[in-house]
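The values are calculated or read from the model by the stated rules, or taken from the named source; none is laboratory data. None of these values were measured; they are calculated from a predicted model. Here the Cβ positions follow ideal geometry from the backbone for every residue, glycine too, while neighbour counts run over all protein chains shown. In case anyone asks, the SASA skips ligands and DNA or RNA and just uses the protein heavy atoms, side chains included. Shrake-Rupley method; radii C 1.70, N 1.55, O 1.52, S 1.80 Å.
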Amino acid sequence: MFQGMEYVYAVYKERSFSKAAKNLFISQPSLSATIKRIEEKIGYPIFDRSTKPLQVTEPGWKYIHAIEKIMSVQNQFTEYINDWGGLQTGNLILGGSSLFSSWVLPPLMAGFSRKYPFIKLELIEENTTELASLLQNGKIDLMIDNGIIKGDSFLSSVYQEEHLLLAVPDSFSINQALTDFQISPEYIQNGSFLNPEFPSVPVDSFAREPFIMLKPENDTRKRGESILKEHNISPVVLFELDQQMTSYNITCSGMGISFISDTLISRVPYHQNVIFYKLNGPHSHRSIYFYRKKGRYFSHAMEEFLHMAQVSF
């Protein structure tokens, strides 16, 4: 029943018999006949040919999902076999948000590629929710994130700890009263701002200032709200955004205050129009994790990448 499933999947991906036939280097009549034979074995049509673009029927969706499960098993077996070749061939698919994809993963990937040049690396940039879905479905091997993904489907390993700070436009007049609490970027980059001699800013000083926040499901947003709530602040929120990098850029433009991680500040070029302040309390620090799917084969490539990431930190 699944002989020729690659032809069905090609039509599903393209939503077109002609495009799929071209990609498969076969004639359209031959492809149509193959699909027809499979549909006869199933007893129901896979595709609704009366629509443009082509649509998948309800039994067709079940068949497509079964194909994806079979392909996932095949990929896992291929990864296992690749291990026997001493990482001389294979693939490793990584996922991260904009911050991690732009500033954290690239140097790790470069080091891995230098040691294992025959492993093909792929990087997928998405938000946390989409990345967790891709990891669950076996579309990526490892994802990096600074939030805790709930559920029993994933295993995690800590990459490093990170801390939240306040990034405030230097044009805000409140900065004039808080000069003793301002942190230079170099102290953030070398981690010395964590020493006790660097005081934490009194957060209630910013009660009347506008904030740039991430969307409600984001861990940085949740932590930022908890910090403000501890100081009885109901912030005026100018924007709700998907990415911390975007929030930081808007702060640099002078529009509002952002909660920014030292991971970002220590990696991106310093912008002279922003001032940083240290925060304290349980909500101001967290772990960055690498996640993988529980129960999935833990390939040698995945194991070695995680090992190199830990060593490099």
Please report the relative contact order for the chain, taking Cα pairs under 8 Å with a sequence separation of at least 6, and give it as a percent rounded to a whole number. 22 percent
Determine the shape class of segment 1-70: with a ≥ b ≥ c the square roots of the Cα gyration tensor eigenvalues, call it rounded for a/c under 1.5, and otherwise prolate if a/b is greater than b/c, oblate otherwise. rounded
Quickly work out the N195-to-F298 label distance, labels modelled 7 Å from Cα along the C-beta direction, and quote it in nm with one decimal. 3.8 nm
Within 13 Å, Cβ to Cβ, of G138, how many net charges do the neighbouring residues add up to if Lys/Arg are +1 and Asp/Glu are -1? +3
When the charge dipole of segment 1-105 is computed with +1 on Lys and Arg Cβ and -1 on Asp and Glu Cβ about the Cα centre, the Cα farthest towards its positive end, among F25, Q76, S102, belongs to F25
Once you keep just the Cα pairs under 8 angstrom separated by 6 or more residues, what percentage relative contact order results for segment 20-152? 19 percent
Listed residues Q189, Q76, Q55; largest mean-square fluctuation, Gaussian network over the chain with Cα springs below 10 Å, found at Q55
How much length, in nm to one decimal, is gained on full extension between Q182 and K19, taken as 0.36 nm per residue of separation minus their Cα-Cα distance? 52.7 nm
Net charge near G90: determine it from the other residues with C-beta under 9 Å of the C-beta of G90, scoring Lys and Arg +1 and Asp and Glu -1. -1
Determine the gain in length on full extension of the stretch Q160-K69; use 0.36 nm per residue of separation and subtract their C-alpha separation, reporting nm with one decimal. 29.4 nm
Once you sort the root eigenvalues of the Cα gyration tensor of segment 179-259 as a ≥ b ≥ c, which label holds: rounded (a/c under 1.5), prolate (a/b larger than b/c) or oblate (the other case)? prolate
Taking the Cα centre of the chain as origin and charging only Cβ (+1 Lys, Arg; -1 Asp, Glu), how large is the dipole, in debye to the nearest 20? 1280 debye
In the set (i) 34, 25, 16; (ii) 48, 24, 16; (iii) 38, 20, 18, which value of semi-axes √(5λ) of the Cα gyration tensor in Å was calculated from the structure you see? (ii)
Roughly speaking, to the nearest percent, how much of segment 180-313's 1.4 Å accessible area is carbon and sulfur? 49 percent
Going by the alpha-carbon gyration tensor, a ≥ b ≥ c the square roots of its eigenvalues, is segment 145-229 rounded (a/c under 1.5) or, if a/c is not under 1.5, prolate (a/b greater than b/c) versus oblate? oblate
Find, among the GluC sites (Glu not before Pro) in segment 106-211, those assigned to loop by DSSP (not H, G, I, E, B) with at most 13 other beta-carbon atoms within 10 angstrom. E197
Send over a whole-number figure in Å² for the accessible area per residue of the chain, probe 1.4 Å. 52 Å²
Rough spin-label spacing in nm, given labels placed 7 Å along Cα→Cβ, for S98 and N137: 2.3 nm
When Lys and Arg each count +1 and Asp and Glu each count -1, what net charge do the other residues less than 9 Å away from S261, Cβ to Cβ, add up to? -1
Below 8 Å, C-alpha to C-alpha, sequence gap of six or more: please give me the relative contact order for segment 174-313 in percent. 30 percent
Among V274, F298, I250, whose Cα lies farthest out toward the positive end of the dipole of segment 250-313, if unit charges sit on the beta carbon of Lys, Arg (+1) and Asp, Glu (-1)? F298
Summing -39500 (n - 2.57) over every DSSP H run of at least 4 in the chain, dividing by its residue total and rounding to the nearest 500, the 222 nm mean residue ellipticity is -12000 deg cm²/dmol
Please go through segment 22-75 and write out the chymotrypsin sites (Phe, Trp or Tyr not before Pro) that DSSP classes as loop and that have at most 10 other C-beta atoms within 10 Å. F25
